[in-house]
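Only one structure is covered here, and it is reproduced in the block below.
The values are calculated or read from the model by the stated rules, or taken from the named source; none is laboratory data. Just so we're clear, the structure is a prediction, and the values are computed from it rather than from any experiment. Glycine gets a Cβ as well: all are built from the backbone with ideal geometry, and neighbour counts include every protein chain shown. These area figures cover heavy atoms from the full protein model, side chains too; ligands, DNA and RNA do not enter into them. Shrake-Rupley method; radii C 1.70, N 1.55, O 1.52, S 1.80 Å.
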Amino acid sequence: MELAERVKNLPPYLFARIDAMKEEALKKGVDLIDLSIGDPDIPTPEHIVEAMKKAVENPAHHRYPSYKGMLSYREAVSRWYKKRFDVTLDPNTEVISLIGSKEGIGHIPLAFVNPGDIVLVPTPGYPVYSIGTLFAGGENYFMPLKEENNYLPDLKSISENVLKKAKLMFINYPNNPTSAVASRQFFEEVINIASKYDIIVCHDAAYSEIYYDDEKPLSFLEIEGAKEVGIEMHSLSKTYNMTGWRIGYAVGNKDVIAGLGKIKTNLDSGVFQAIQEASIAALETDENVLSALRKTYQERRDTLYEGLKEAGISAEKPKATFYLWVKTPEGFDSTSFTAHLLEKAGVLTTPGNGFGDPGEGYVRFALTVPVERIKEAVERIKKSL
Ligand SMILES: *Cc1c(COP(=O)(O)O)cnc(C)c1O
């Protein structure tokens, strides 16, 4: 069977490769500490599971949902945005449900990118931005995220020629994998450039609620002019430990939302309504539940950060996300340090170069195991070096 060119030319999906490494280690009987994938280990909060149980019994939810999401779900999203960011959204035109934000990210280039159009993509970055672009026949222009620029793309370095051909720009703050957060000034620069060159901005805000020290990340839509140029994608996955449920949403510019909706009407049939009902309960989660979650991650972050420091390994102390973006020690590159950690310490991480070339020289640690296991990981890493 001959694969299509667009599939043949794909690099293996990063986490599929890591899964293979993991399987091999487990086969050998390694007591593996898996810090590779950003998939929360803590269960979905109980009130959300209870709402799901109730909703699943209602036959009204057993039929096809609407492609854009139930009005009650879109209204819950609007209320959440008003409360969290003081941003007003029309649930009828400025909100659409997604089957996880990955789905929306993968599909949006199909709505707006013609073959040969350029899409501006951060690198290192979540792999779906560039792959969605390739599937739509677009060309990726990679914007490097470097430490000296606080892991923000240097927009001034992009040539006029590229900007003129660019149709879409992906940005992602708080950032995976670097854990950087964006300033208001950066978002203002993005809006300026996007309106000058007619570029649609798609801000992936999957980690907006995983933050530390009460420093709440901004929404792109809080910034004046944002709604004229773009949208924000959100996920319930990371905030409410709901990665398996597959639900998210996109909000913002109504024409962009409508374009994305056109693709979705033709490709999928929306999110199971019972999951939308449970997600309404999720969006109304008590602040205490979320601050307890943040405290858990904070303890893990501090344990790993301090432990790596004692081991002589330098990292950014994240202000948000559940990742540490860690410089490989002297004598290692991304691949060899990942292999060393796996073979000598039984700790699985993600090589930074897997997120794009500028990620070379880094590995990413995810804080998705209990603090006792992080302590154990630190001890083993210290011994291995
Ligand atoms: C996890 C993640 C997503 C995908 O989340 P889903 O809503 O579960 O599809 C999107 N963007 C980034 C940067 C992520 O890390």
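What to note about this one:
- Candidates Leu110, Leu32, Leu98: the one that is among the aliphatic types (A, V, I, L, M), closer than 30 Å to Val347 by Cα and touching a Gly at 6+ places or on another chain (Cβ under 9 Å) is Leu32.
- Out of Ser36, Ser97, one residue alone is within 17 Å of Ser237 (Cα to Cα), of a type in the set (Ser, Thr, Tyr), open to solvent by less than 40 Å² (accessible area, probe 1.4 Å) and outside any loop (DSSP other than H, G, I, E, B). It is Ser97.
- Just so you know, in the stretch 225-246 the residues that are within 11 Å of the ligand (Cβ to nearest atom) and open to solvent by 40 Å² or more (accessible area, probe 1.4 Å) include one that is nearest to Tyr173 (Cα to Cα), and it is Arg246.
- Within the stretch 191-212, considering residues that are in contact with a Leu (Cβ under 6 Å, 6 or more places away or on another chain) and among the hydrophobic types (A, V, I, L, M, F, W, C), the one farthest from the ligand (Cβ to nearest atom): Ile193
- Sole residue being in contact with a Leu (Cβ under 9 Å, 6 or more places away or on another chain), assigned to a helix (DSSP H, G or I) and closer than 19 Å to Pro43 by Cβ, chosen from Tyr297, Tyr305: Tyr297
- Test: residue in the stretch 113-121 that is open to solvent by less than 10 Å² (accessible area, probe 1.4 Å) and within 14 Å of the ligand (Cβ to nearest atom): yes
- Checking Arg294 against (1) in contact with a helix residue (DSSP H, G or I) (Cβ under 8 Å, 6 or more places away or on another chain); (2) more than 16 Å from the ligand (Cβ to nearest atom); (3) open to solvent by less than 40 Å² (accessible area, probe 1.4 Å), the condition it does not meet: (1)
- Failed condition for Ser269, given (1) crowded, with 16+ Cβ neighbours inside 10 Å; (2) polar (S, T, N, Q); (3) touching a residue at least 60 places away in the same chain (Cβ under 8 Å): (1)
- Verdict on Glu224 being among the charged types (D, E, K, R) and more than 30 Å from Arg74 (Cα to Cα): no
- Per the listing Thr303, Thr328, Thr335, Thr321, the residue uniquely touching a Lys or Arg at 6+ places or on another chain (Cβ under 9 Å), open to solvent by 20 Å² or more (accessible area, probe 1.4 Å) and hydroxyl-bearing (Ser, Thr, Tyr) is Thr303.
- Test: Ile171 is of a type in the set (A, V, I, L, M), in a helix (DSSP H, G or I) and either away from the ligand (no atom under 16 Å from the Cβ) or within 25 Å of Glu316 (Cα to Cα) (or both): no
- Flag if Ala25 is hydrophobic (A, V, I, L, M, F, W, C) and open to solvent by less than 30 Å² (accessible area, probe 1.4 Å): yes
- Close Cβ contacts (under 7 Å, 6 or more residues apart or on different chains) running from residues in the stretch 195-208 that are within 23 Å of Leu367 (Cβ to Cβ) and modelled with pLDDT under 95 to residues that are within 15 Å of the ligand (Cβ to nearest atom) and assigned to a strand (DSSP E or B) are absent.
- Pairs linking a residue in the stretch 65-86 that is on the phi > 0 side of the Ramachandran plot to a residue that is open to solvent by 50 Å² or more (accessible area, probe 1.4 Å), with Cβ atoms under 9 Å and 6 or more positions apart or on different chains, are Asp86/Glu222.
- Asp19 meets each of the listed conditions (1) in the same structural domain as Ala278 (by TED's automatic domain parsing); (2) open to solvent by 70 Å² or more (accessible area, probe 1.4 Å); (3) within 16 Å of the ligand (Cβ to nearest atom) apart from (1).
- Whichever residue in the stretch 67-94 is farther than 21 Å from Glu222 by Cβ and open to solvent by less than 50 Å² (accessible area, probe 1.4 Å) and, among such residues, is farthest from the ligand (Cβ to nearest atom): Ser72
- Search result, residues across the stretch 142-185 that are more than 18 Å from the chain's Cα centre (by Cα) and buried (at least 19 other Cβ atoms within 10 Å of the Cβ): Leu163, Ala166, Lys167
- Filter result for Glu215 (away from the ligand (no atom under 16 Å from the Cβ), closer than 27 Å to Asn192 by Cβ and in a loop (DSSP other than H, G, I, E, B)): yes
- Checked against the criteria, Glu316 does not count as touching a residue at least 60 places away in the same chain (Cβ under 8 Å) and over 28 Å from Ser130 (Cα atoms).
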